[in-house]
Protein chains: 2
Amino acid sequence: MRIVVWTILGCALCLGQETDQCKPSSLNIPGAPYPCVYADRRVAFRVAAPGAQKVQVRLGGQGHIMTRGADGLWTVTSPPQVIGFHYYTISVDGGIVADPATQSFFGGGWYNSAFEVPDPDGAYYSAKDVPHGEVRQRWYYSKVTGAWRRCYVYTPPDYDANARTRYPVLYLLHGWGENEQGWHTQGHADLILDNLIAEKKAKPMIVVMDNLNAVAPGADAGLYHARSIIARRTLADVPPPIGAAPRPAPGQAAARPANWFNTFTEMMIADLIPMVERTYRVAPGREHRAMAGLSMGGMQSFQTALARLDMFAYLGGFSGSSGGRGGFDPKTAHNGVLSDAAAFNKKMKVLFLGIGTAEGPGTKNFSDLLTNAGIHNIYFESDGTAHEWLTWRRCLNDFAPRLFR
Amino acid sequence: MRIVVWTILGCALCLGQETDQCKPSSLNIPGAPYPCVYADRRVAFRVAAPGAQKVQVRLGGQGHIMTRGADGLWTVTSPPQVIGFHYYTISVDGGIVADPATQSFFGGGWYNSAFEVPDPDGAYYSAKDVPHGEVRQRWYYSKVTGAWRRCYVYTPPDYDANARTRYPVLYLLHGWGENEQGWHTQGHADLILDNLIAEKKAKPMIVVMDNLNAVAPGADAGLYHARSIIARRTLADVPPPIGAAPRPAPGQAAARPANWFNTFTEMMIADLIPMVERTYRVAPGREHRAMAGLSMGGMQSFQTALARLDMFAYLGGFSGSSGGRGGFDPKTAHNGVLSDAAAFNKKMKVLFLGIGTAEGPGTKNFSDLLTNAGIHNIYFESDGTAHEWLTWRRCLNDFAPRLFR
């Protein structure tokens, strides 16, 4: 970290000072100076591992090899990163671990470190001086899975004060390898809604953030998780994470119980929605109920809502939906629910497809395919972002104002 | 992990099978088989670090040296551990990190791994089939610190349904190096209250869990945190955590801003309590207000409540209070508030001192000193536990039923 004191050179050059200094990421634990982000979006890392032979920062699919100083501290500065939230891990002599200098976030099937590159347009997901809702941790028992589950429920500002008001509900799902905490920790869904509601851009609503993993009693959830993780790591030619299960035999990797998507849908309809409607002041009926998710959660949302148009009138897929990988026939997909475009358009008030521009053309192609088949849909692009949380914060910020109109 | 299949030997020996197998800790990420806990409370660990020279599990102040297998997996089994929650870290060639096989918990100033040794008496902090309250994430602005703060608020079951009921409030603080999440993640305060309320052992109450770190604008919070961490690690003769600040010069370590305790108290009275009483249905007056904390949070609670008997009628210190280290004169301490025992006893409905039996005699001595000075107090011991979360779960379980009677 190069800290240059320019003050004696006068004010014109004082501006230069900003670009020569890095600032600790907002996600660092209190007092930790690294990761440290430069104004040009390079990120400096530092790791203490005095006895190690090789230390790397693993970031966005790339390894950044660190250099050992005489003091046993390893350092590296990355090339400029995209604005927004980034997971990373470190590799210490082949052991892949989180950096304890930052808060930990569950993503990719384990706890990762992360940093934020300041976003000049990030006010919409920041805590501002507006009325704030709450994120409530809610335990409930699921008959379908035979286990206690935890979800988080966002209630809008003044929910308690408006004791007779009933609110519409958005069911909002995380992606593969994340959990029910993702949307309010990595995603800041609560602050996005607070800010939209304060500006009257979105209707006050309840947002239910559950865990999309739901496994029937006896089905092998652990194996599913572990295999998925191993499969990913194997493809990237890195060793399995610390403590992970041994690698499965070839061909077994990424096996998923056949009923996996169905079990969540069954659980949601039998257990989650009734619990929500019993516990919170929810407006009744399909026109007050939306479902959306990111990545695998978007796939889950399309599977669920397109099978139950009697229950859902709004549907969003953020970097994941249905049909983005080709071979999608709107006449037959999802049991033919899209085959009569006019009838479908009448029922589905908003069909939203969001994607980062760095994620490829699949979602745009899917949107065009739907449009050509007469299916109304909204296509939203997040400029310059990939399969990452800034894409999904932007998607939610664009999607939520369209709901319950 | 020795897995022995005894089934052909008949049922008498089937019982033996249980003690020969370990079970994954309940805190492991989905699918991770390690840490794995044996019935005799030994804990097996496994770490993948194929290129490392020396790998250790750091647990309860001890290092457990791991052995490298031919597959690059390092393993060790610890001696039997006390029941309950334990933080641990791993050292990979001198780099001290969390094990990504478990959930991450903020403690000791950074994110740690942890495991649970099953507690035969642990039903009181488990999710049972009883009405559940909520833990609500609440943002609020503090004028004293000039910043947005986050606290968590437990509301009892049926808080929303009983729209006219007002509830007493317990302000409950975490310890050094932890944060506002400690009591409901490591401590299960919400489940403890749910279960006590369901059995009618405790009165329904609101519990406010805030961050005891409060720093006035311009004061050096980061330095305080970093130095405290470094000082601790230096004393234990281990390198600083990854990403931590460089070691301070001798004599600077563990420097704490002089007004640190006072700033939290000022913030609590000026910002937190008014926000809580404005936002939630709180019963008015000192007899409906309690304060307690663990370790440094107990010290903070004693500093705050003994200075403001006009505001608090119940006070608890769990492994931390005041005077446990000697030199305490009840005639003069805390501005003499204890000097008139009869007057004090009339105002303070419950003065609670809890400690683990493995923590030394300081708290018992302090309790005796108070008793000899005529100050009513309750002394509670957690059998066989040290400065750890099982002590504090038990303290809360004993303390909460005594409140608001």
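Residues checked against (1) modelled with pLDDT of 95 or more; (2) hydroxyl-bearing (Ser, Thr, Tyr):
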residue: B:Pro240; (1), (2): no, no
residue: B:Pro246; (1), (2): no, no
residue: B:Asn259; (1), (2): no, no
residue: B:Met275; (1), (2): yes, no
residue: B:Tyr280; (1), (2): yes, yes
residue: B:Asp310; (1), (2): yes, no
residue: B:Phe318; (1), (2): yes, no
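Rundown of residues vs (1) open to solvent by 10 Å² or more (accessible area, probe 1.4 Å); (2) within 21 Å of B:Arg402 (Cα to Cα), yes/no style:
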position: B:Glu287; (1), (2): yes, yes
position: B:Ala290; (1), (2): no, yes
position: B:Arg308; (1), (2): yes, yes
position: B:Leu315; (1), (2): no, yes
position: B:Asn335; (1), (2): yes, no
position: B:Asn345; (1), (2): yes, yes
position: B:Phe352; (1), (2): no, yes
position: B:Pro361; (1), (2): yes, no
message = more than 20 Å from A:Thr391 (Cα to Cα) and in contact with a helix residue (DSSP H, G or I) (Cβ under 9 Å, 6 or more places away or on another chain): is that true of A:Phe318 in this structure?
response = no
query = Looking at the stretch B:110-133, which of its residues are touching a residue at least 12 places away in the same chain (Cβ under 8 Å) and at the interface with chain A (Cβ under 7 Å from one of its Cβ atoms)?
reply = B:Trp110, B:Tyr111, B:Ala127, B:His132
request  = State which residue pairs qualify: first residue aromatic (Phe, Trp, Tyr) and inside the stretch A:272-294, second residue open to solvent by less than 10 Å² (accessible area, probe 1.4 Å) and not in a strand (DSSP E or B) in any location, beta carbons under 9 Å apart, and separation of 6 or more residues or different chains.
outcome  = A:Tyr280/A:Tyr159
message = List the residue pairs whose Cβ atoms are under 6 Å apart, where the first residue sits in the stretch A:392-405 and is under 12 Å from A:Ala313 (Cβ atoms), the second is of a type in the set (D, E, K, R) and not in a helix (DSSP H, G or I), and the two are 6 or more positions apart or on different chains.
response = A:Phe404/A:Lys203
request  = Assess whether B:Arg166 counts as being within 24 Å of A:Tyr140 (Cβ to Cβ) and basic (Lys, Arg).
outcome  = no
query = How many of the residues making up the stretch B:374-386 are in contact with a Ser or Thr (Cβ under 7 Å, 6 or more places away or on another chain) and surrounded by 18 or more Cβ atoms within 10 Å (Cβ to Cβ)?
reply = 4
key: Matching strands (runs of 3 or more DSSP E) fully within the stretch B:61-163 where at least 2 residues are within 27 Å of A:His188 (Cβ to Cβ) and under 22 Å from the mean Cα position of the chain (by Cα)   = B:105-107, B:110-117, B:134-142, B:147-155
ask   = How many residues are part of a helix (DSSP H, G or I) and modelled with pLDDT of 80 or more if we restrict to the stretch A:210-227?
value = 0
ask   = Looking at the stretch B:75-132, which of its residues are surrounded by fewer than 23 Cβ atoms within 10 Å (Cβ to Cβ) and of a type in the set (D, E, K, R)?
value = B:Asp93, B:Glu116, B:Asp119, B:Asp121, B:Lys128, B:Asp129
remark   = Of the residues in the stretch B:28-55, those that are within 11 Å of chain A (Cβ to nearest Cβ) and within 13 Å of B:Ala101 (Cβ to Cβ) number 15
note = Note on the stretch B:164-175: residues assigned to a loop (DSSP other than H, G, I, E, B) and surrounded by 19 or more Cβ atoms within 10 Å (Cβ to Cβ) are B:Pro168, B:His174, B:Gly175
query = Is the stretch A:2-20 home to any residue that is modelled with pLDDT of 90 or more, over 14 Å from A:Ala114 (Cα atoms) and away from chain B (no Cβ under 14 Å)?
reply = no
note = Within the stretch A:363-373, residues under 17 Å from A:Leu309 (Cβ atoms) and open to solvent by less than 30 Å² (accessible area, probe 1.4 Å) come out as A:Leu370
remark   = Residues of the stretch B:317-333 being touching a Ser or Thr at 6+ places or on another chain (Cβ under 7 Å) and open to solvent by 50 Å² or more (accessible area, probe 1.4 Å), in sequence order, are B:Lys331
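The values are calculated or read from the model by the stated rules, or taken from the named source; none is laboratory data. What you see is a predicted model; the values in this text were computed from it and never measured. Here Cβ is always computed from backbone atoms with ideal geometry, including for glycine, and neighbour counts include all displayed protein chains. Heads up: the accessible areas ignore ligands, DNA and RNA and are worked out on the full protein's heavy atoms, side chains in. Shrake-Rupley method; radii C 1.70, N 1.55, O 1.52, S 1.80 Å.
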